[in-house]
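This report refers to the structure that appears directly beneath it.
The values are calculated or read from the model by the stated rules, or taken from the named source; none is laboratory data. Quick caveat: nothing in here was measured; it's all calculated off a predicted structure. With ideal geometry, Cβ positions are generated from the backbone for all residues, glycine too; neighbour counts draw on all protein chains shown.
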Amino acid sequence: MGMFSYMDKITGEQICGGDEVRLYRLVKGNVVEEMRGIYNCYGAVDVEDQTYHAVLVEGKMKSVTDEMRNAISFSGDIWLSDEWGEIVGEHFCEDESSGICAILESNYHSGFTPTERSLDDPDQGWRQEVEEDDWEDEDEEDEAGDWEDEEDEDALEIDNSAYGEY
């Protein structure tokens, strides 16, 4: 599976690899797993980059331990509440209250409660920088159009006599 990423649920900003994030796995609007750390461009935070990881156990969020990770049959996955294929399936189903909700750590505020998944990043986590040349000032365009219509008194006239008649 290729790279993919999300748009921050709070601000709509693009989330890219290397960004500090909070990721929530939602099932029917309820958080069943949360991880924080450096985003890996593949829908998760690698174990070595996690600053926090918890999963819903018996109605309470519990910090993930090595014992928990080892006890799960699909322990090759980073997400522990279900197999990765199932999580991806949830994220791309019609129910917007299931899937992955992502926010940039810098945008997090206490009281934020995720209930809907994030939008997918159409650029798949490749940061899109805006170059100044891409933006044109409408006033500059209008001014440019005005001077083209006027004759410039100081303009050089070209002597075409050397080219003969045509």
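Some values worked out for this structure:
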| read-out | value |
| --- | --- |
| In segment 21-42, the residues that are part of a loop (DSSP other than H, G, I, E, B), at pLDDT 95 or above and surrounded by 12 or more Cβ atoms within 10 Å (Cβ to Cβ) | G29 |
| First in segment 98-114 and part of a loop (DSSP other than H, G, I, E, B), second anywhere and surrounded by 12 or more Cβ atoms within 10 Å (Cβ to Cβ) and modelled with pLDDT under 95, Cβ under 7 Å, 6 or more apart | S98/E90 |
| Residues satisfying the stated conditions in segment 43-71, i.e. closer than 17 Å to W84 by Cα, part of a strand (DSSP E or B) and aliphatic (A, V, I, L, M) | V45, V47, A54, V55, L56 |
| Of residues in segment 98-128 being touching a Gly at 6+ places or on another chain (Cβ under 6 Å) and within 30 Å of E67 (Cα to Cα), the one surrounded by the most Cβ atoms within 10 Å (Cβ to Cβ) | R117 |
